[in-house]
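K.L.:
Structure below; questions to follow.
The values are calculated or read from the model by the stated rules, or taken from the named source; none is laboratory data. Since the model is a prediction, treat every value here as computed from it, not as a measurement. Note that each Cβ is placed from the backbone with ideal geometry, even for glycine, and that neighbours are counted across all protein chains shown. When the accessible area is computed, the model is the full protein with side chains, heavy atoms only, and any ligands, DNA or RNA have been set aside. Shrake-Rupley method; radii C 1.70, N 1.55, O 1.52, S 1.80 Å.
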Amino acid sequence: MKNITRVLIVLTIFICSCQATKTSVIQYCKICLDVEDGIIVDDLNSPLLSERRNNDLRVLIIAMLQSEGMINVYDKYELDYEFLTNNIIGIESTEDREQLNRKLNIKYILKPTVLNLREAEGYDVIYPSESIYPIPRSPQLNRSLLEFELIETATEEVVYKVAFNNSDKEYSKNNEDDIEFFNFGSSFRTLWSGAKKGSKFTVADCTCPKGKYLKRRKFWEKIGF
């Protein structure tokens, strides 16, 4: 019995970790990111998420960009002193963005947006003997859609826009009379995975020179982006 329990725990962890990300580049990157470029990661403020999860995602994106070598990535809330001393109110107005660029060397604002979340019901069952083949059903998949916009502070131009459609996988069990379908994940877990992959993809996609860019692009495409 203990062995069965262990197998189920391992299986649950494996299932929850199975994530797929489909990437759609809406606007190709117009700039060449340098590791020293200043970047502010904006709030998500998604009504689909709690305040805590919005904050957790922002912190994750900052950490991922830093792990990819970007050394000047900031949460705008940690720049309170710099904003105050330079008479900067926020990051939305033309005047403030000019000051961000000129006085604080913040070249870009990364604006993440959660466009959609779909929570799976978690369990489904079908009875082949009572159904007409093929059996119509919607897979038990959690999904999320996350968009990144990279805004240049000097020009206010959106220099890069990309969306990440993230989903997980379901588990099925064939019984004598029916087939059961399970999903132990959540839509937020797919969003978390998509934010990690999306941050890496964004740095890779905006890296120059061209030779390095192509090499990274092929790498990400090879593993499913």
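K.L.:
Tell me, what is the 1.4 Å probe accessible area of E51, in Å² to the nearest 10?
P.N.:
Here the accessible area works out near 140 Å².
K.L.:
Using each residue's phi in segment 159-174, evaluate 6.51 cos²θ - 1.76 cosθ + 1.60 at θ = phi - 60° and report the 3J(HN,Hα) Karplus result to the nearest Hz, with x for Gly and Pro.
P.N.:
9, 7, 9, 8, 10, 10, 9, 10, 8, 10, 10, 9, 10, 10, 9, 8
K.L.:
So how do R53, R102 rank on accessible area, 1.4 Å probe, biggest first, that is with the largest at the start?
P.N.:
R102, R53
K.L.:
Ok, one more. In segment 80-182, what percent of the accessible surface is made up of carbon and sulfur (1.4 Å probe, ligands and nucleic acids excluded)?
P.N.:
46 percent
K.L.:
A further question follows. Using the structure shown, select from K30/K161; K22/K111; K22/K107 the pairs with a Cα to Cα distance greater than 22 angstrom.
P.N.:
Pairs exceeding the cut-off: K22/K107.
K.L.:
Can I ask one more? Using only protein heavy atoms and a 1.4 Å probe, report how much of K173 is accessible, in Å² to the nearest 10.
P.N.:
Its accessible surface works out to 90 Å², give or take rounding.
K.L.:
I'd like to check one number: the per residue accessible area of segment 26-137, probe 1.4 Å, reported in Å² as a whole number.
P.N.:
Value for segment 26-137: 62 Å² per residue.
K.L.:
Another one. Considering the options T155, S172, I126, tell which one lies farthest towards the positive end of the dipole of segment 82-184, charges being +1 on Lys and Arg and -1 on Asp and Glu at the Cβ, about the Cα centre.
P.N.:
T155
K.L.:
If the label point is 7 Å along Cα→Cβ of S50, which residues in segment 158-200 have backbone nitrogen under 18 Å from it?
P.N.:
Residues 185-193 qualify, since their backbone N sits under 18 Å from the label point.
K.L.:
If I stretch the segment between T94 and K22 completely, what's the gain in nm (0.36 nm per residue apart, minus their alpha carbon distance), one decimal?
P.N.:
Answer, rounded to one decimal: 22.6 nm.
K.L.:
Further, regarding this structure: So what are the ³J(HN,Hα) numbers for segment 51-56, from phi and the Karplus equation (6.51, -1.76, 1.60; θ = phi - 60°), rounded to whole Hz, Gly and Pro as x?
P.N.:
Computed from phi, the couplings for segment 51-56 are 4, 4, 6, 4, 5, 4 Hz.
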